[in-house]
Amino acid sequence: MKNIFSITAIAAICISFAACQKVVHVDLNDSNPRLVVEGEVSTDTVPFKVHLTRSVNFDQSNVVPAATGATVVITDSTQGHTDTLKETAPGVYKTINAIAGVPGHTYKLYIKDGNNEYFASSTIPMPVTLDSVYVTNFDAFGNLSKQVTPVYTDPAGVNNYYRFIEYVDGKQLNKIFTFSDKYTDGLVNNMPIFNEDTDVVAGNSLRLEMQCIDRPAYEFFRTFSESALGGSSTPGNPVNNIFGGALGYFSAHTSSSRSLIVP
């Protein structure tokens, strides 16, 4: 399980990501701006959205510039449906037509930004049901905090990868958590989402979103959490699935949520 900061923050911190299969350590300064991609296709959220920004050097302003005027296309390559996204706000591109997120389907992302072209592909895994969510008190050296545990049964004999997002009183917490079933294949999950900086207190309205993600997306989030933002002593660049030199990720995933009032 890993916890990480907002993905948009990478534009202000990480200047270069790896290609697809390795992590490269880089100089955080004196690099040309890179395109930063946050793209998602979901089974329950439409329209689909792609957020494009540009990286800045470590010692520059934390104001992340939007990448405007790009051509962004998402294709369901399983069915052959294609949609050219519309820029609805600076750097925010959304689908216009009703392309559905379907488990087992592969989705391709194409971006043309000036003279540069970028490509990505992601497949939606088969869904896993989020049965319930409960909250317990966790004692960390005398400091009590609220920890959230998702309850679901991992399918046996299949490699599964999960991403969890917490919303408290309608606001998304600035952390993302990932699990793999490397040691829990076929078991009912009883591992809490450990958030040492939790903002969850009694009386909060809490919603937990569970996404079933493919391995490339999982590797991005996992390696991102091990970078400087995730506490690594040596800054590194997350593995990503964007071809063409852009930063960030493209994830096609299932999505399900459970809500409760924190006791």
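So for segment 13-29 (the condition being closer than 20 Å to residue 240 by Cα, modelled with pLDDT under 60 and outside any loop (DSSP other than H, G, I, E, B)), does at least one residue qualify?
Going residue by residue through segment 13-29, those that are closer than 20 Å to residue 240 by Cα are 13-28.
With modelled with pLDDT under 60 added as a condition, the list becomes 13-28.
Remaining after also requiring outside any loop (DSSP other than H, G, I, E, B): 13.
There is at least one residue in segment 13-29 that is closer than 20 Å to residue 240 by Cα, modelled with pLDDT under 60 and outside any loop (DSSP other than H, G, I, E, B).
Residues 202, 140: which one is touching a Pro at 6+ places or on another chain (Cβ under 8 Å), hydrophobic (A, V, I, L, M, F, W, C) and modelled with pLDDT under 90?
Being touching a Pro at 6+ places or on another chain (Cβ under 8 Å), hydrophobic (A, V, I, L, M, F, W, C) and modelled with pLDDT under 90 holds for just one of 202, 140, which is 202.
Would a scan of segment 42-58 turn up a residue that is hydrophobic (A, V, I, L, M, F, W, C) and modelled with pLDDT of 95 or more? Show your work before the answer.
To start, the set of residues in segment 42-58 that are hydrophobic (A, V, I, L, M, F, W, C) comprises 46, 48, 50, 52, 56, 58.
Subset that is modelled with pLDDT of 95 or more: 50, 52.
Yes, segment 42-58 has at least one match.
Using the structure shown, decide if residue 120 is small (Gly, Ala, Ser), at pLDDT 90 or above, surrounded by 14 or more Cβ atoms within 10 Å (Cβ to Cβ) and closer than 19 Å to residue 47 by Cβ. Walk me through how you get there before you give the answer.
Details: small (Gly, Ala, Ser): yes; at pLDDT 90 or above: yes; surrounded by 14 or more Cβ atoms within 10 Å (Cβ to Cβ): yes; closer than 19 Å to residue 47 by Cβ: yes.
When the stated conditions are applied, residue 120 passes them.
Does residue 74 satisfy the condition of being free of Cβ contacts under 8 Å to residues at least 60 places away in the same chain and assigned to a loop (DSSP other than H, G, I, E, B)? Steps first, please.
Numbers: free of Cβ contacts under 8 Å to residues at least 60 places away in the same chain: yes; assigned to a loop (DSSP other than H, G, I, E, B): no.
No; evaluated as a whole, the condition is false for this residue.
Assess whether residue 86 counts as being under 17 Å from residue 52 (Cβ atoms), among the basic types (Lys, Arg) and in contact (Cβ under 8 Å) with a residue 24 or more places away in the chain.
Judged against the criteria, residue 86 is not a match.
Between residues in segment 147-169 that are surrounded by 17 or more Cβ atoms within 10 Å (Cβ to Cβ) and residues that are part of a loop (DSSP other than H, G, I, E, B) and hydroxyl-bearing (Ser, Thr, Tyr), which pairs lie under 7 Å by C-beta distance while being six or more apart or on different chains?
152/129; 154/184
Would you pick out the residues in segment 32-49 that are closer than 27 Å to residue 258 by Cβ and either outside any strand (DSSP E or B) or not hydroxyl-bearing (Ser, Thr, Tyr) (or both)?
Listed by number, the residues that qualify are 38, 39, 40, 41, 43, 44, 45, 46, 47, 48, 49.
Which ones in segment 242-253 are outside any strand (DSSP E or B) and surrounded by 22 or more Cβ atoms within 10 Å (Cβ to Cβ)?
Of everything in segment 242-253, just one residue is outside any strand (DSSP E or B) and surrounded by 22 or more Cβ atoms within 10 Å (Cβ to Cβ), namely 246.
Looking at this structure, is residue 80 at pLDDT 95 or above, surrounded by fewer than 17 Cβ atoms within 10 Å (Cβ to Cβ) and under 30 Å from residue 129 (Cα atoms)?
no
The values are calculated or read from the model by the stated rules, or taken from the named source; none is laboratory data. All values derive from a computational prediction rather than experimental measurement. FYI the Cβ positions are ideal-geometry reconstructions off the backbone, even for glycines, and counts take in every protein chain you see.
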